[in-house]
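S.K.: Below is the structure I would like to discuss, written out as structure tokens.
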Amino acid sequence: MGRYVLENERLKVQIDTMGAELKSLSRKSDGLEYMWYADPAYWGRTAPVLFPFVGSLNDKKYRVNGREYTMGQHGFARDMEFELLGQKPDAVYFGIKSDGETRKKYPFDFELELGYKLEDNRIQVLWKVKNTGKEELPFSIGGHPAFMCPILPDTKQTDYFIRFDTDAPLASDVIEDGLIGEALKEYGLEDGYLKITDDLFDGDALVMEKDQAHEVSLCLPDKEPYLTVKFNAPLFGIWSPVKKNAPFICIEPWYGRADRTGFQKELREREWGNLLGEGEVFEASYEVITY
């Protein structure tokens, strides 16, 4: 148990073995901290991994071969102690494996590895999922990193902007009691920028499907980015707690999402889920670029 540190001339990073969670990303020139500090009055996490589920399940239940299981939001990996698998000067790797306890709530054999690789002004977050069982492995995986916003003194969140690598309007799912409803809400962009408003997150997270963007930046009041999340994931979420005026925003690359309202089919039929055959491996990553 404990924290591991990576650092170079520009950045210092801390990762906790609990959940293999990125806890700190700071700029060495002036000590500026980019990561949310997990104040439980707002949200007591910083950057949990979401596995083997992203989002909520209908009635907190899912089905495998006709049998029902219960699972809370975002799965269980974020609350597990990870084992150190290896460390280099610029990288560190952690892992967990299925065991008797995980099989009670998720009846599959797997290995999950999380890696962090530091290079210049960026940190890369690496995921690897391996099916170590005989059955097909259905899973989702995602990131949930929370970044300070506002980040400068004497500014407020509504002074800031979110920038996307597209000028097209973004279509977000509308969340109903934690699940995906049938409606969509459109957000118009001005030269790729979305102004942060007091009511932006009143309907819960913005959930963007179908590869609408692959770079999302938090920008200062002058529209200059201070942080970018870059990913290949087909979905992403943007979230800050509803009506809490919390000083952070999450940018979340996802391979999976919450159930649609009323979904009661088998887990392998869950929208945006992933399937691995015996011995197969899934690998993905995202990176956080600082300025």
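The values are calculated or read from the model by the stated rules, or taken from the named source; none is laboratory data. Just so it is clear, the model here is predicted, and its values are computed rather than measured. Methodologically, a virtual Cβ is constructed for each residue, glycine included, from the backbone with ideal geometry; neighbour enumeration extends over all protein chains shown. Ligands, DNA and RNA are stripped out before the accessible areas are found, and what is left, the full protein with its side chains, is counted by its heavy atoms. Shrake-Rupley method; radii C 1.70, N 1.55, O 1.52, S 1.80 Å.
S.K.: Step by step: first the residues of segment 182-225, then only those that are out of contact with any Asp or Glu (no Cβ under 6 Å at 6 or more places or on another chain) and touching a residue at least 60 places away in the same chain (Cβ under 8 Å), then the one that is most open to solvent (accessible area, probe 1.4 Å). Which residue is that?
M.R.: The extreme case among them is E182.
S.K.: Same structure, new question: Of the residues that make up segment 110-129, is at least one surrounded by 13 or more Cβ atoms within 10 Å (Cβ to Cβ) and under 26 Å from T261 (Cα atoms)?
M.R.: no
S.K.: Which of the residues spanning segment 88-102 are open to solvent by 20 Å² or more (accessible area, probe 1.4 Å) and assigned to a helix (DSSP H, G or I)?
M.R.: Selection gives G100, E101.
S.K.: Could you check segment 34-71 and list, in sequence order, the residues that are of a type in the set (S, T, N, Q) and touching a Lys or Arg at 6+ places or on another chain (Cβ under 7 Å)?
M.R.: Of everything in segment 34-71, those that are of a type in the set (S, T, N, Q) and touching a Lys or Arg at 6+ places or on another chain (Cβ under 7 Å) turn out to be T46, T70.
S.K.: Residues that are touching a Cys at 6+ places or on another chain (Cβ under 6 Å): list the strands (runs of 3 or more DSSP E) wholly contained in segment 200-270 that include at least 1 such residues.
M.R.: Of the strands (runs of 3 or more DSSP E) lying wholly inside segment 200-270, those with at least 1 residues that are touching a Cys at 6+ places or on another chain (Cβ under 6 Å) span 215-219, 225-231, 235-239, 248-255.
S.K.: Still on this structure, please answer the following. Which members of segment 167-181 meet the condition of being open to solvent by less than 30 Å² (accessible area, probe 1.4 Å) and either modelled with pLDDT under 95 or part of a loop (DSSP other than H, G, I, E, B) (or both)?
M.R.: Result: G178, single match.
S.K.: Report yes if some residue within segment 80-97 is within 26 Å of A205 (Cα to Cα) and touching a strand residue (DSSP E or B) at 6+ places or on another chain (Cβ under 8 Å); otherwise report no.
M.R.: Checked segment 80-97: at least one residue is within 26 Å of A205 (Cα to Cα) and touching a strand residue (DSSP E or B) at 6+ places or on another chain (Cβ under 8 Å).
S.K.: Any residue at all in segment 253-276 that is more than 30 Å from R67 (Cα to Cα), open to solvent by less than 20 Å² (accessible area, probe 1.4 Å) and among the aliphatic types (A, V, I, L, M)?
M.R.: Among the residues of segment 253-276, not one is more than 30 Å from R67 (Cα to Cα), open to solvent by less than 20 Å² (accessible area, probe 1.4 Å) and among the aliphatic types (A, V, I, L, M), which makes the answer no.
S.K.: Sticking with this structure for a sec: Which of the residues that make up segment 133-152 are open to solvent by less than 10 Å² (accessible area, probe 1.4 Å) and either free of Cβ contacts under 8 Å to residues at least 24 places away in the same chain or more than 21 Å from V49 (Cβ to Cβ) (or both)?
M.R.: C149
Okay, residues lined up against (1) over 21 Å from the mean Cα position of the chain (by Cα); (2) over 30 Å from D177 (Cβ atoms); (3) open to solvent by 10 Å² or more (accessible area, probe 1.4 Å):
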| residue | (1), (2), (3) |
| --- | --- |
| S26 | no, yes, yes |
| G31 | yes, yes, yes |
| Y42 | no, no, yes |
| K60 | no, no, yes |
| N65 | yes, no, yes |
